[in-house]
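Participant: Handing you a structure now.
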Ligand SMILES: Nc1ncnc2c1ncn2[C@@H]1O[C@H](COP(=O)(O)OP(=O)(O)OP(=O)(O)O)[C@@H](O)[C@H]1O
Ligand SMILES: [Mg+2]
């Protein structure tokens, strides 16, 4: 694991100390997030993925010991190092009795800090030599967080598990908020490349004039402002995985460059004609129907086929409503405060009725919002956003208004397959289309 991949959560109510320590840790190459009280610390911990927690024991809000046990309940393998005043903890045995892996006595210098972190990481690496443990550890990055029991989602999970082991290029498709990024992470962290970096490039969020250099790097003087050589994301991902998000928005000249990278496994920095070998696995995602972009001439066909070696299509949430109760449970756990939240049957029914254009992200936001405004640990319908609460299935989702032709066509195909228990010949007859057209459309919509 490279230092950049180690993520540390620092919890201390002394803000100036927080600043100093986090600056030192960043300087050592670690990724750091900070919190100034126990409650905020726990919330950040639940939302993020941390390798190490550095925490003071004297905190406002939650007592340090309670915080420690809450953190352990969330993740039994995370490294916890407590920061204590002189005389509180005398030795490592005492620290471990408190549930921590190690301790630091205030005040401490940068070298003590570095040594303690490195020792803890070495210890953890030793532990992870144990294969089974390593399996469990990596689950934290992925399958534990991938919730859903519908057969459609289980198919996605199975395929994800299988491709993870390979080195194949993967194209993940699905509407916004269906979990594409989550699947991409699962692929990386379950692949043989998991100890190497996972680098994300969100194509549309990078300014147009910088994207080429972001991806492929540049040499000094390549353009105004290029003051020194810089490696791009492909080089940073060497040995690991690059996640190209929103690939449908990639500019045409860069599509050509990307195609070359996939073919030759070499990149060229901007302003340099030397070829640099890179060993990078590509996982791409898009919420557009990429094949349609190909047909409209907006996306290179050859690149499409290079990317689409394995296709994972995540169905929209409204087509797998059986997943809703499991997801709700997962998010209730994630956003519960001191007491575990419950949800009433009536509220669950409301969630079931809704059409979820924003997919899992919209559901997650609804649960988070409800748990923030709740005055008791029970989620009732009135805590749900008005748009969801007042939704009436009769005026939108089942009517054909507001639905694209593709969605209607997809639904018709799925209905026909349902009615014929998956028999393609019969389904084609029902739809009054030739069987090969049915098969083509099924492929297009990722219906299996
Ligand atoms: N199956 C799932 N189990 C648990 N959480 C999920 C699941 N699917 C999605 N989420 C959560 O929903 C949110 C949106 O997921 P993610 O960012 O992966 O979606 P996306 O498809 O990349 O969306 P976009 O196209 O808008 O970028 C995240 O917070 C993610 O953790
Ligand atoms: Mg995304």
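The values are calculated or read from the model by the stated rules, or taken from the named source; none is laboratory data. Only a predicted model underlies this, so the values are computations on that prediction, with no experimental measurement involved. Every residue, glycine as well, gets a Cβ built from its backbone with ideal geometry; the counts of neighbours run over all protein chains shown.
Participant: Would you confirm whether or not segment 206-225 contains a residue that is surrounded by fewer than 21 Cβ atoms within 10 Å (Cβ to Cβ) and within 16 Å of ligand 1 (Cβ to nearest atom)?
Facilitator: yes
Participant: Now a separate question. Restricting the search to segment 74-100, which residues are in contact (Cβ under 8 Å) with a residue 12 or more places away in the chain, more than 29 Å from residue 332 (Cα to Cα) and surrounded by 13 or more Cβ atoms within 10 Å (Cβ to Cβ)?
Facilitator: Across segment 74-100, the qualifying residues are 83, 84, 88, 89, 95.
Yes/no per residue for (1) within 23 Å of residue 182 (Cβ to Cβ); (2) touching a strand residue (DSSP E or B) at 6+ places or on another chain (Cβ under 8 Å); (3) more than 16 Å from ligand 1 (Cβ to nearest atom):
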position	(1), (2), (3)
242	yes, yes, no
245	yes, yes, no
248	yes, yes, no
264	no, no, yes
273	no, no, yes
277	no, yes, yes
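Participant: Of the numbered conditions (1) within 22 Å of residue 303 (Cα to Cα); (2) surrounded by 15 or more Cβ atoms within 10 Å (Cβ to Cβ), residue 179 fails exactly one; give the number of that condition.
Facilitator: Only one criterion in (1) within 22 Å of residue 303 (Cα to Cα); (2) surrounded by 15 or more Cβ atoms within 10 Å (Cβ to Cβ) is unmet by residue 179, namely (1).
Participant: I'd like the residue in segment 246-274 that is within 16 Å of ligand 2 (Cβ to nearest atom) and buried (at least 22 other Cβ atoms within 10 Å of the Cβ) and, out of all such residues, is modelled with the highest pLDDT.
Facilitator: Just the residues of segment 246-274 that are within 16 Å of ligand 2 (Cβ to nearest atom), to begin with: 246-250.
Checking which are buried (at least 22 other Cβ atoms within 10 Å of the Cβ) leaves us with 247, 250.
Working: 247: 96, 250: 92.
Only one residue fits best here, namely 247.
Participant: Can you work out which of the residues in segment 163-201 that are assigned to a strand (DSSP E or B) and more than 25 Å from residue 153 (Cα to Cα) is farthest from ligand 2 (Cβ to nearest atom)? Break it down into steps so the answer makes sense when it comes.
Facilitator: In the first step, residues of segment 163-201 are kept if they are assigned to a strand (DSSP E or B); the result is 170-173, 198-201.
This time we only want the ones that are more than 25 Å from residue 153 (Cα to Cα), so: 199, 201.
On the way: 199: 15, 201: 12 Å.
Looking at residues that are assigned to a strand (DSSP E or B) and more than 25 Å from residue 153 (Cα to Cα), I get 199.
Participant: With the checklist (1) touching a helix residue (DSSP H, G or I) at 6+ places or on another chain (Cβ under 7 Å); (2) surrounded by 15 or more Cβ atoms within 10 Å (Cβ to Cβ); (3) at pLDDT 90 or above in hand, flag the one item residue 385 doesn't pass.
Facilitator: Going through (1) touching a helix residue (DSSP H, G or I) at 6+ places or on another chain (Cβ under 7 Å); (2) surrounded by 15 or more Cβ atoms within 10 Å (Cβ to Cβ); (3) at pLDDT 90 or above one by one, residue 385 breaks only (2).
Participant: Right, another one. Tell me whether segment 132-153 contains one or more residues that are part of a helix (DSSP H, G or I), at pLDDT 85 or above and farther than 28 Å from residue 340 by Cβ. Steps first, please.
Facilitator: Of segment 132-153, the ones part of a helix (DSSP H, G or I) are 132-139, 143-145, 151-153.
Now narrow it down to the ones that are at pLDDT 85 or above: 151-153.
Among the residues that remain, those that are also farther than 28 Å from residue 340 by Cβ are: 151-152.
The answer is yes; a qualifying residue exists.
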